[in-house]
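Q: Let me begin by handing over the structure; questions about it come next.
The values are calculated or read from the model by the stated rules, or taken from the named source; none is laboratory data. Note that this is a predicted model, so its numbers are computed, not measured. When we count neighbours, we look across all protein chains shown, and the Cβ atoms used for this are built from the backbone with ideal geometry, even at glycine.
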């Protein structure tokens, strides 16, 4: 499949304009990686003072939540709150929320076994949990607090989910399926939208279609779609290297390629990938951001792609960035510098929210120094 590289932003050779930093952004150098050492990139950061919300490298950033045990990578927002998870390796995890305007965070659901992605609607928060073997499940709980409801169980490694007004959709990585279930039908029989797929992972849904990225074998991953009511899956892009993080706006479907065989945070900053976008009219995909290290994440609105870079091993991953680039192309602009392993990012009308150094942080979208 032909790829159009028009107006591609190459992250580590572009001169970046900093909008919210306390000092001018340097030209980002091409990193060199020795492939060894380095501290745990997910450890709690010392790059901010949680007592006053100050964030080094981002004068206009605000720390919303910095729990002592840190924050994992799941992140979701609605008009009132940011939702995040914590899944410690040796104990049960939890899902929490914090007001987008600031304030104490609250634990919504506790004692969860390895909660993964989260999503919200007006009433409930939904999540998937891998479980053990084929014992993964899909759950929901009231946003106001209360016990969880199991929607589906005995799922073979569910990794991601998406919502519309009536259904929850998810993928099973080892099961090779794309599933859906009415959100008010706990314990009902899920409907199989796609089967025998090669490691489907991230998923998104719009008014008519479900989109997902599947890993495939090395260098033959794909981005797929299927009608929400069922039908034959269609390839949006094939021959992709470890595609993930599929999302969309009115004009494009977006995804990230991860480069190489990267499959854990240990590969952070070493293996290059890209952010791709495919026009909804069926035109060939466009590579919009290149030179993106493994461990990066992104979100979109109608005008911009907002993305993170995790930093370099030499600094203990303390030189990560949060940036944006126009969907039509151009030079990237930095919103935050010197962040420790910034990862998940989501956006609303006015702000960018991201995880970094064990905290949930926000920065204005259109901040001008």
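Q: Looking at the stretch 147-164, which of the residues that are assigned to a loop (DSSP other than H, G, I, E, B) and modelled with pLDDT under 95 is farthest from the chain's Cα centre (by Cα)?
A: Ranking the qualifying residues of the stretch 147-164, first place goes to 147.
Q: So which residues in the stretch 287-299 are part of a strand (DSSP E or B) and either crowded, with 21+ Cβ neighbours inside 10 Å or touching a helix residue (DSSP H, G or I) at 6+ places or on another chain (Cβ under 7 Å) (or both), if there are any at all?
A: Answer for the stretch 287-299, where residues must be part of a strand (DSSP E or B) and either crowded, with 21+ Cβ neighbours inside 10 Å or touching a helix residue (DSSP H, G or I) at 6+ places or on another chain (Cβ under 7 Å) (or both): 288, 289, 292, 293, 298, 299.
Q: Looking at 256, 296, 235 in this structure, which one is touching a strand residue (DSSP E or B) at 6+ places or on another chain (Cβ under 6 Å) and at pLDDT below 90?
A: 296
Q: Pull up the stretch 185-196, narrow it to residues that are part of a loop (DSSP other than H, G, I, E, B) and at pLDDT 95 or above, then point me to the one that is farthest from residue 257 (Cα to Cα).
A: 190
Q: Only one of 185, 141 is out of contact with any strand residue (DSSP E or B) (no Cβ under 7 Å at 6 or more places or on another chain) and more than 22 Å from residue 213 (Cα to Cα). Can you tell me which?
A: None of the other options fit; the residue is 185.
Q: Out of the stretch 296-313, which residues are over 16 Å from the mean Cα position of the chain (by Cα) and without any contact (Cβ under 8 Å) to a residue 40 or more places away in the chain?
A: 303
Q: In the stretch 73-89, what residues are at pLDDT 95 or above, within 18 Å of the chain's Cα centre (by Cα) and assigned to a loop (DSSP other than H, G, I, E, B)?
A: Result: 78, single match.
Q: Residues that are within 17 Å of the chain's Cα centre (by Cα) and assigned to a strand (DSSP E or B): does the stretch 328-338 have at least one?
A: The answer is no, given that none of the residues of the stretch 328-338 is within 17 Å of the chain's Cα centre (by Cα) and assigned to a strand (DSSP E or B).
Q: Further question on the same structure: Across the stretch 197-250, which residue is surrounded by the most Cβ atoms within 10 Å (Cβ to Cβ) among those that are part of a strand (DSSP E or B) and on the phi > 0 side of the Ramachandran plot?
A: The qualifying residue surrounded by the most Cβ atoms within 10 Å (Cβ to Cβ) is 245.
A quick yes/no check of all residues on (1) loosely packed, with under 14 Cβ neighbours inside 10 Å; (2) modelled with pLDDT of 90 or more; (3) part of a strand (DSSP E or B); (4) in contact with a helix residue (DSSP H, G or I) (Cβ under 6 Å, 6 or more places away or on another chain):
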{"site": "91", "(1), (2), (3), (4)": "yes, no, no, no"}
{"site": "95", "(1), (2), (3), (4)": "no, yes, yes, no"}
{"site": "98", "(1), (2), (3), (4)": "no, yes, yes, no"}
{"site": "102", "(1), (2), (3), (4)": "yes, yes, no, no"}
{"site": "122", "(1), (2), (3), (4)": "yes, yes, no, no"}
{"site": "145", "(1), (2), (3), (4)": "yes, no, no, no"}
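Q: Now a separate question. Tell me whether the stretch 238-246 contains one or more residues that are within 19 Å of residue 346 (Cβ to Cβ) and either at pLDDT 95 or above or over 22 Å from the mean Cα position of the chain (by Cα) (or both).
A: Yes: one or more hits.
Q: Just a yes or no: is a residue in the stretch 356-365 touching a helix residue (DSSP H, G or I) at 6+ places or on another chain (Cβ under 9 Å), outside any strand (DSSP E or B) and surrounded by 24 or more Cβ atoms within 10 Å (Cβ to Cβ)?
A: Taking every residue of the stretch 356-365 in turn, none turns out to be touching a helix residue (DSSP H, G or I) at 6+ places or on another chain (Cβ under 9 Å), outside any strand (DSSP E or B) and surrounded by 24 or more Cβ atoms within 10 Å (Cβ to Cβ).
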